1. Which entries in the list Lys184/Lys232; Lys184/Lys461; Lys311/Lys461; Lys319/Lys341; Lys424/Lys552; Lys341/Lys424 go over 28 Å, if you measure between the two C-alpha atoms of each?
2. Output ³J(HN,Hα) for the range 323-332: one whole-Hz value per residue in order, computed from phi by the Karplus curve 6.51 cos²θ - 1.76 cosθ + 1.60 with θ = phi - 60°, and x for Gly and Pro.
3. Would you mind getting me the FRET efficiency between Leu369 and Ala344? Use the beta-carbon distance for r and R0 = 41 Å, nearest 0.05.
4. Please compute the Cα-Cα pair-distance distribution of the range 407-557 with 10 Å bins starting at 0, giving whole percents from short to long.
5. Give me a comma-separated list of calculated 3J(HN,Hα) values for the range 239-247, in order, Karplus coefficients 6.51, -1.76, 1.60 applied at θ = phi - 60°, integers in Hz, x for any Gly or Pro.
6. Please compute the length gained on full extension between Phe201 and Trp244, using 0.36 nm multiplied by the number of residues separating them and subtracting their Cα-Cα distance.
7. Can you tell me the accessible area per residue over the range 269-425, all protein chains present, probe 1.4 angstrom, in square angstrom?
8. Based on the inverse mean of 1/r over its pairs of different Cα atoms, what is the Kirkwood hydrodynamic radius of the range 207-317, in Å?
Amino acid sequence: MGVVFIAHGQPSAALRLLQARSVLSSSSYLRLGRPHLSYARQWLNPHFAPPRLDTFRLRCSFINTDVLDSVATEEIYEDTTSLDSNCSIPVVHLQPDTLETEGLNLLVGGTYVDTILKELPVLSEEEQNAIAATPAHPAGLCALYASCLAGNLVEQLWNFAWPAAIAMIHPSLLPVAVMGFFAKIAVIVGGPLVGKLMDHFPRVPAYNCLTIVQAAAQLLSVGMIIQAHTVKPTPVSSILVQPWFVILVIALAVERLSGLALGVAMERDWVVLLAGTNRPIALAQANAILSRIDLLCEIAGASLFGVFLSKHEPVTCLKLAASLMIWSLPVVVVLTWLTNKLSAGVLDLATSIEVIKHGWFEYIQQPVLPASLAYVLLYFNVVLAPGGLMTAFLTQHGLNPTIIGGFSGLCAFMGVAATFVSAKMVKRLGILKAGAAGLIFQASLLTIAVAVYLSGSFSQKIPVVFFLCLIVLSRLGHMSYDVVGAQILQTGIPASKVNLIGTTEVAVASMAESIMLGVAIIANDVSHFGFLAILSLLSVVGAACLYCSWLKSPTDTQRSLFPFEPHFS
């Protein structure tokens, strides 16, 4: 039969112990509904119990007990005084002092409720996946996508516009190479400083401030290039000492540094807060959408400016680009504010700051270092890829700006296609073999492309088109490894060091690109393009060989990190 224990005096700990024991000693179980859960916590938690209870009312629910088989639930409401004299249920008087210590030991911390709960609600796998795929702030993410679209469209248009406009001033790769070199140096030196400053300031004001700085640098660059087109042509050696060129180099360095900080803030910080750190599917979808927006903006920006440049004078096209920059600035600022507003101010939360030390040592010690080094080697390929040097070379070779813009757009389109192809490759080959397939595919096509260029028939139209098509197709392999390599690094790098190793990898990649730009400064004549193309090809082939050798001789660490790889089973 059921027994109710009553302790006189201060029943705070004794009552908690005896309520638990009365449940454990019976053949039934006590079920606390959600409306009464907080009430039970107040009774059972010593922080909520009053210092002295002379009289208290006890409410219990006995379900399917031995003595009440025919009754589903019986509720007992009695004061202790009446219960003592009138109740027929046996009452046992216990001294609380003897049970105080044992009661506290039994019901410590947050386990006092858990000990009496026999059934807890557990989400099904479908419900867990649904939550993981639902962003924490979907409206804020939509505003972020719109802000990214407005800002990236102008940035990608300018990335294509300035090399094309500079290449029309003088038939040499030197001005473009010098500007690109100092821009990379600015990223290497100033990147950590700008990142640290952004960590010390509120997110939204810091982001808007950098957006204004980037737009001002772009407008200043437009003004300097327009001035260069209005003055008389000068020898290439004299261009480097012209005041407009010096200002242009500084403005481009500031613009690139601001763009890098804005990209890191959006892709590494904002999207994580808006999608939710504990919602991996939603975060992966948000990352994919941001990547596709960036590539689509690259397609649109290069194509639009290429068409404009083929029909209008360079100065007219630059003025049109400046108008677009001025128009997009308030749009980006408003959308940034709206992103924070729609996400209930989640971006106003303080950023946790940690002092980063020994970055190079941690980078070298990472378990997937060969995969990261292969990624860095691809950045030596600054010639056989869409960029400033390729745009300048094709412009000086006499190609129509529309064709050049279409070439850059198709390369970006291959990046979009790679986001879909890489997923199928991982499913069929496994993540490690998919990375090797991407690198081998890129190295093979670029080998053929260099052979076409060195054949001596590059002055004809068909070899040029074939050369460009091979580079476009090679971007499918490059971007496939970019997607797969990111997943390899996410799997292999410890979560506590992911930011440290990631930022160090970006610095190493920028250094590799700056080295190749330095070589292009020395070999700045168009006739040396074949030599630069061979160096770029060797870097891609080296990346493929390094990665395949790492894959061919797997270590125990590699097997433990990727246990589901087909060739490991």
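1. With Cα atoms farther than 28 Å apart: Lys184/Lys232; Lys184/Lys461; Lys319/Lys341; Lys341/Lys424.
2. Each residue's phi maps through the Karplus curve to give 4, 5, 5, 5, 5, 6, 4, x, 5, 5 Hz.
3. After rounding to 0.05, the efficiency reads 0.50.
4. 10, 32, 38, 16, 4, 0
5. With the stated coefficients, the range 239-247 comes to 4, 5, 9, 6, x, 5, 6, 4, 5 Hz.
6. Extra length from Phe201 to Trp244 when fully extended: 12.1 nm.
7. 47 Å²
8. Hydrodynamic radius (Kirkwood, Cα pairs) of the range 207-317 is 16.8 Å.
The values are calculated or read from the model by the stated rules, or taken from the named source; none is laboratory data. Computed from a prediction, not measured in an experiment: that's the story for all the values here. When we count neighbours, we look across all protein chains shown, and the Cβ atoms used for this are built from the backbone with ideal geometry, even at glycine. What goes into the accessible areas is simple: the full protein's heavy atoms, side chains included, and nothing from ligands, DNA or RNA. Shrake-Rupley method; radii C 1.70, N 1.55, O 1.52, S 1.80 Å.
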